[in-house]
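Reviewing the structure listed below.
Where a number appears in this text, it was derived from the coordinates with a stated rule and is not lab data. On a predicted model such as this, the values are computed, not experimentally measured, just so you know. When we count neighbours, we look across all protein chains shown, and the Cβ atoms used for this are built from the backbone with ideal geometry, even at glycine.
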Amino acid sequence: MYRKGIITASFMLVALAFLAIPVSAQVPPQSTSTKAVSSGKHLIKKVKKTVAVKKVKKIQKMQKIQTVAIAGNEFSFLPNEIHVKKGARVRVIFTNTGKYPHNFVINELNVKSKTIKSGKKTNVIFTANKTGSFQFYCSVPGHLDKGMKGTIVVE
Ligand SMILES: [Cu+2]
């Protein structure tokens, strides 16, 4: 019985050794350098991305952002006329001072805020990329017809 145990144990050891060899042989010798190269590329990508983000932030800082606060209720905007410079980055802080949900939309400038509930506030940022007088309005059904509109003048 004892001898049988030893034989079994040594067989198992040999089997284990065979199992272990292919596992270590599976790793090709150049794998370490491949890994290093790919992580290097990844690092370069990361650095490039960081530089790009910094550039965008710098441009945003250089570009003057014009902030306009507009309140909307049933069924008007206050103020109902705003003036911005052509090419300006504009941030509209839209506050719903009414009871119903409202939003802020300018079709010609591709502006559409979220529809927000009473008492909430939302931001929309856009570039006033063309001159002219454009209508801003609330696109909740029926609200424009009831007078929920204003004018943005890009000059
Ligand atoms: Cu509305």
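What aspartates and glutamates could a cross-link reach from LYS121, if we take a straight Cα to Cα line under 20 Å and drop same-chain neighbours fewer than 8 places away?
LYS121 reaches GLU74, GLU81.
Packing-wise, with mean Cβ within 10 Å as the measure, how do 49-55, 129-135 rank, highest first? List each step's numbers first, then the result.
Working: 49-55: 10.0, 129-135: 12.9.
Highest to lowest by the protection proxy: 129-135, 49-55.
Fewest first, what order do ILE82, ILE93 take by the number of other Cβ atoms within 10 Å? Each step should come with its number before you reach the end.
Numbers: ILE82 18, ILE93 15.
With the fewest neighbours first, ILE82, ILE93 line up as ILE93, ILE82.
List, in order, the whole-Hz ³J(HN,Hα) value for each residue of the stretch 143-155 obtained from phi through the Karplus relation with A = 6.51, B = -1.76, C = 1.60 and θ = phi - 60°; use x for Gly and Pro.
3J(HN,Hα) across the stretch 143-155, in whole Hz: 6, 4, 4, 7, x, 7, 8, x, 10, 10, 10, 9, 10.
Once amide H atoms are placed 1.01 Å from N in the peptide plane, what residues at a sequence separation of 5 or more from VAL68, or on another chain, have their amide H within under 5 Å of its amide H?
ARG91, VAL92, ILE93
So if I take the alpha carbon set of the stretch 65-154, get Rg, then get Rh from the Kirkwood formula, what is the Rg over Rh ratio?
On the way: Rg = 11.9 Å, Rh = 12.7 Å.
Dividing the radius of gyration by the Kirkwood radius yields 0.94.
Which links in LYS48/LYS130; LYS114/LYS146; LYS55/LYS120; LYS48/LYS86 stretch past 26 Å when you go from one Cα to the other?
Working: LYS48/LYS130 33 Å; LYS114/LYS146 20 Å; LYS55/LYS120 33 Å; LYS48/LYS86 32 Å.
As for pairs spanning more than 26 Å Cα to Cα, those are LYS48/LYS130; LYS55/LYS120; LYS48/LYS86.
Based on the Cβ-Cβ distance from ASP145 to ALA52, what FRET efficiency comes out when R0 is 35 Å, to the nearest 0.05? Could you put the intermediate results ahead of the total?
Details: r = 45 Å, r/R0 = 1.29.
Result of the calculation: an efficiency of 0.20.
Taking amide H positions as placed 1.01 Å from N in the peptide plane, with prolines and chain starts having none, which residues 5 or more places from ALA88, or on another chain, fall under 5 Å of its amide H?
ALA128
Quick one: what are the phi-derived ³J(HN,Hα) couplings along the stretch 82-92, Karplus 6.51/-1.76/1.60 with θ = phi - 60°, whole Hz, x for glycine and proline?
Each residue of the stretch 82-92 in turn: 10, 10, 9, 7, 4, x, 6, 7, 10, 10, 9 Hz.
List the residues, sorted by chain then number, that are 5 or more residues from LYS149 or on another chain and whose placed amide H is less than 5 Å from its amide H.
Here PHE77 satisfy the definition.
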